[in-house]
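Heads up, the thing below is written out as structure tokens.
The values are calculated or read from the model by the stated rules, or taken from the named source; none is laboratory data. As the structure is a prediction and not an experimental result, all values here were calculated from the model. As a convention, Cβ positions derive from the backbone with ideal geometry for all residues, glycine included, and neighbour counts pool all protein chains shown.
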Amino acid sequence: MPPALPWILSSIACALLGAAAALWFARRRTRAAPAPSPEGLFAARPVFDAVERRVHRVLRDALPGSLVLARVPLRRICRPLDAERARIFVPRMATLDVAFLICSPSGRVLAAIDLERSEDPAVSEQRRFKAEILAGCRVRYLRCDPQAMPDADELARLVEASTPRDRAAAEPAPALPRRRDRHVWIDNAPAPLAENSWVGEVPAEPAAALQPAPPWVTPTRRAGDHRRDGTPPRRH
């Protein structure tokens with residue numbers, strides 16, 4: 001055996017042992033690493049700032065018989081009627097909310113209120129989008145300047161104007177009874193049908209006019225009771 005062969009074998013064995021030890025330490029370090037935790041990364045913050053707290057107090061004093069909710073997502077008060085066509089608007093709705101939501105004690109939406117505190121074009125576009133969505137849902141949408149809030153009587157009048165009873169007094173009654181769709185009242189009457197329109201199945205072709213009965217057919221007999229040759233049946 002050459003004198004250098006034992007040293008070569010020893011070097012190879014040491015290299016293998018070192019690689020195995022490094023791999024073992026790497027796996028142990030990976031397993032020992034704790035999973036990320038949100039603990040200590042967040043802190044509670046108030047729901048209202050000073051302006052919103054003052055407006056909330058004004059709304060509660062002006063509407064003692066109603067529920068005043070804050071920061072309600074738009075998707076909680078609006079639902080799509082056609083999911084396929086409304087799909088492009090749902091992601092945009094998910095990021096929007098209304099500052100205050102006025103509800104009856106039963107949970108029916110009376111009005112949505114936003115505070116005009118920014119002139120940013122992006123915020124104005126969000127308000128326009130919310131106004132279109134809420135108008136389609138028949139929900140009254142009010143925007144108020146926090147520095148020029150209406151008084152209690154004006155707020156009560158604006159909110160009560162969105163209730164079905166007051167709208168019925170101000171508008172003519174629809175032809176059909178009023179229908180309520182969850183939290184939204186629908187007062188619009190259906191459009192009149194055109195002369196060539198129909199409801200349900202497509203109408204069949206008009207039936208052919210009946211042939212006049214022969215003069216010998218009495219009122220108590222049917223038109224098909226005569227003989228094939230056209231002579232009246234024999235009386236017994």
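Worth pointing out:
- Filter result for Leu110 (assigned to a strand (DSSP E or B) and more than 22 Å from Val51 (Cβ to Cβ)): yes
- Positions within region 88-106 being within 16 Å of the chain's Cα centre (by Cα) and loosely packed, with under 14 Cβ neighbours inside 10 Å, in sequence order: Ile88, Val90, Pro91, Arg92, Ala94, Thr95
- For Trp185, the criteria (1) hydrophobic (A, V, I, L, M, F, W, C); (2) part of a strand (DSSP E or B); (3) at pLDDT 85 or above hold in every case but one, which is (3).
- Restricting region 142-159 to residues that are touching a strand residue (DSSP E or B) at 6+ places or on another chain (Cβ under 7 Å) and in contact (Cβ under 8 Å) with a residue 40 or more places away in the chain leaves a set whose member that is surrounded by the fewest Cβ atoms within 10 Å (Cβ to Cβ) is Pro146.
- Condition check for Leu69 on (1) touching a Pro at 6+ places or on another chain (Cβ under 8 Å); (2) farther than 15 Å from Cys144 by Cα: one failure, at (1).
- Condition met for Pro38 (part of a loop (DSSP other than H, G, I, E, B) and either surrounded by 10 or more Cβ atoms within 10 Å (Cβ to Cβ) or at pLDDT below 80 (or both)): no
- Out of Arg138, Arg85, one residue alone is surrounded by fewer than 15 Cβ atoms within 10 Å (Cβ to Cβ) and modelled with pLDDT of 90 or more. It is Arg85.
- Scanning region 52-75 for residues that are in contact (Cβ under 8 Å) with a residue 12 or more places away in the chain and in a helix (DSSP H, G or I) gives Glu52, Arg54, Val55, His56, Val58, Leu59, Asp61, Ala62, Leu74, Arg75.
- Some residue of region 111-129 being loosely packed, with under 14 Cβ neighbours inside 10 Å, basic (Lys, Arg), in contact (Cβ under 8 Å) with a residue 60 or more places away in the chain and more than 22 Å from Asp151 (Cβ to Cβ): no
- Here region 41-51 is the region considered, the condition is being without any contact (Cβ under 8 Å) to a residue 24 or more places away in the chain and not in a helix (DSSP H, G or I), and the residue that is surrounded by the most Cβ atoms within 10 Å (Cβ to Cβ) is Phe48.
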